[in-house]
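S.K.: Pasting a structure here, questions to come.
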Amino acid sequence: MNRTRPSRLASRFHALMASETGSTMVEMLVAGFISTVFLLAAGMAYLVNQNSYRRNTEKLRLQQTATLALEEMEKKIRIGARAGIPAANRITIYDQAGVELTRFRLSNIGPNFKLFEQNSVLAQQELITLSFVPNRDTTAVVITLTLEDNYKNRVTMRGSALLRNHLDMRNIRNPNS
């Protein structure tokens with residue numbers, strides 16, 4: 001049988017490896033560096049994920065606030081008989097006797113603008129635009145609302161409301177009167 005003998009270099013390598021019982025300082029430093037790189041990458045991924053989650057949560061809250069504010073304004077406008085719109089960002093709703101029911105306005109608190117109903121804040125986020133546009137005979141009002149949060153997310157919503165107690169609207173419902 002013809003056996004090949006291992007080379008001298010291989011036998012020395014095996015002898016060296018067999019006699020080595022621990023890791024060298026260089027191996028420990030390399031392993032520590034690689035571990036640090038992986039930990040930093042994982043930490044950065046976690047922070048980016050948390051920031052994205054926070055921004056998406058704020059955008060959802062902004063959309064919900066805009067929806068609720070618009071629905072509240074539409075509901076209050078619908079119960080009125082007359083709408084007074086002295087400026088594009090103010091509206092006052094009156095009943096049939098001319099008594100004020102409610103009013104909505106864009107007003108500033110410090111440097112930020114907020115949406116108010118009467119004297120209470122209706123939306124905590126910064127209000128960018130609010131406009132009320134009546135139709136020709138003021139039986140309907142179109143509302144445009146734009147809100148912005150701290151992350152500069154913007155939501156614009158548009159709705160309209162008919163003044164159901166308006167004299168012209170009552171005549172449409174009952175053509176015989």
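Since every read-out is calculated from the coordinates, none of them should be taken as a lab result. Predicted model, so just to flag it, every value in this text is computed and none were measured. Don't worry about glycine lacking a Cβ; one is built from the backbone with ideal geometry, like all the others, and counts go over all protein chains shown.
S.K.: Give the residue from A69, S107, I79 lying farthest towards the positive end of the charge dipole for the range 60-173; charges sit on Cβ (+1 for Lys and Arg, -1 for Asp and Glu) and the dipole is referred to the Cα centre.
M.R.: Of A69, S107, I79, it is I79.
S.K.: Identify the residues of the range 99-117 with backbone N under 20 Å of a label point that sits 7 angstrom from the Cα of N150 along the Cα-to-Cβ direction, or state none.
M.R.: Under cut-off, by backbone N: 109-115.
S.K.: Compute, for the range 60-173, the length of the dipole vector about the Cα centre, with Cβ point charges of +1 (Lys, Arg) and -1 (Asp, Glu) only. Units Debye, rounded to 20.
M.R.: 180
S.K.: Full-extension gain between L39 and Q64, please, as 0.36 nm times their residue separation minus the C-alpha to C-alpha distance.
M.R.: 5.3 nm
S.K.: Could you tell me the distance between the Cα centroids of the range 116-159 and the range 22-66, to the nearest Å?
M.R.: 39
S.K.: Right, something else. Considering only the other residues whose Cβ falls under 14 Å of the Cβ of I93, what net charge follows from Lys and Arg at +1 and Asp and Glu at -1? Don't skip to the end; give the middle numbers.
M.R.: Values: positive: K75, K76, R78, R82, R90, R103, R105, R164; negative: E72, E74, D95, E100, E117.
It works out to a net charge of +3.
S.K.: Could you list which residues have their amide H under 5 Å from that of T102, counting only those 5 or more apart in sequence or on another chain, with H placed in the peptide plane?
M.R.: Amide H neighbours of T102: I93.
S.K.: Related question: Quote to one decimal, in nm, the extra length available between A87 and A10 on full extension: 0.36 nm per residue of separation minus the C-alpha distance between them.
M.R.: Working it through step by step, the gained length comes to 18.5 nm.
S.K.: Here's something else I'd like to know. Taking the highest mean first, how do the peptides 75-83, 32-40 order by number of other beta carbon atoms within 10 angstrom per residue?
M.R.: Answer by packing, highest mean first, reads 75-83, 32-40.
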